[in-house]
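The values are calculated or read from the model by the stated rules, or taken from the named source; none is laboratory data. Please read all numbers here as calculations on a predicted model, not as lab measurements. Cβ placement follows ideal geometry from the backbone for every residue including glycine, while neighbour counts extend to all protein chains displayed.
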Amino acid sequence: MAFLYSTKLRKITLTILLIWASVFFWFLSGQLVVNIIIVFASMMCLGAILSDQNTHYTTIYLSFLTAYVLYGYTSVNNLPTWLIMAGVLVIYLYLFANLEQKMEFITGQRLIYLFIFALLSLETFIFLSYFIISPINRSLILAMVVYTICGFCDSIISQKKPKLMLSYLLVFLIVFVTMLLTAAWGQI
């Protein structure tokens with residue numbers, strides 16, 4: 001559990017996760033322009049990790065990258081579903097634990113929230129794997145779910161601005177509907 005509470009170990013773990021996801025995104029994606037954009041966004045995320053700033057961006061971006069890589073492992077490498085599910089659960093538990101470290105949830109309910117958020121992400125991951133849309137669209141939808149969870153933590157759990165949750169939900173719905181309408185259905 002030391003890697004959850006130590007700042008240096010948390011930075012090292014998030015950096016390793018970022019490098020792993022970025023490298024395998026590069027191998028799985030065949031489009032050069034998208035890869036270059038991901039490299040620049042990964043450098044921004046690395047700066048946010050090392051400076052210990054902008055935890056929401058780090059959580060959402062890493063959830064997008066890891067989801068894309070894990071969907072790629074499912075389709076390209078044909079890994080077993082249980083192994084992918086275990087990976088999703090562990091990675092998202094760690095990402096939400098990192099988010100919790102920055103936001104300081106109520107200690108009695110901390111583990112309940114972490115497991116609920118990780119299981120919600122896992123269920124979304126599994127649900128989206130049944131649709132025949134590209135892995136990038138699946139990963140973006142999962143990143144939007146994580147965005148909504150970050151909004152829930154930021155507005156409801158921290159009790160700073162409860163009305164802010166409506167703006168998070170509105171952005172989620174607009175982006176979600178846009179992705180569903182523009183997705184290439186039936187093509188992977």
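Looking only at residues that are in a helix (DSSP H, G or I) and among the polar types (S, T, N, Q) in region 39-72, which one is nearest to residue 25 (Cα to Cα)?
Ranking the qualifying residues of region 39-72, first place goes to 66.
Identify, from the list 133, 141, 174, 126, the residue that is under 28 Å from residue 34 (Cα atoms), over 18 Å from the mean Cα position of the chain (by Cα) and at pLDDT 90 or above.
174
In region 11-38, what residues are of a type in the set (Ser, Thr, Tyr) and outside any loop (DSSP other than H, G, I, E, B)?
Within region 11-38, 13, 15, 22 qualify.
What do you reckon, is residue 141 of a type in the set (Val, Ile, Thr), closer than 20 Å to residue 175 by Cβ and not in a helix (DSSP H, G or I)?
So residue 141 does not fit the description; no.
Filter region 100-130 down to the residues that are without any contact (Cβ under 8 Å) to a residue 12 or more places away in the chain and in a helix (DSSP H, G or I) and list them by number.
Passing the criteria: 107, 108, 109, 110, 111, 112, 116, 123, 127.
Here is a yes/no grid of residues against (1) surrounded by 19 or more Cβ atoms within 10 Å (Cβ to Cβ); (2) at pLDDT 85 or above; (3) over 18 Å from residue 129 (Cβ atoms); (4) among the hydroxyl-bearing types (Ser, Thr, Tyr):
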site	(1), (2), (3), (4)
13	no, yes, yes, yes
19	no, yes, yes, no
31	no, no, yes, no
39	no, yes, yes, no
84	yes, yes, no, no
94	yes, yes, yes, yes
103	no, no, yes, no
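This table checks each residue for (1) within 16 Å of the chain's Cα centre (by Cα); (2) among the aromatic types (Phe, Trp, Tyr).
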position	(1), (2)
6	no, no
29	no, no
59	yes, no
72	yes, no
92	yes, yes
100	yes, no
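Would you check which residues across region 132-162 are without any contact (Cβ under 8 Å) to a residue 40 or more places away in the chain and more than 20 Å from residue 104 (Cα to Cα) and list them?
Residues satisfying the conditions are 141, 144, 145.
Going by the conditions given, is residue 97 in a helix (DSSP H, G or I) and in contact with a Phe, Trp or Tyr (Cβ under 6 Å, 6 or more places away or on another chain)?
No: the conditions fail for residue 97.
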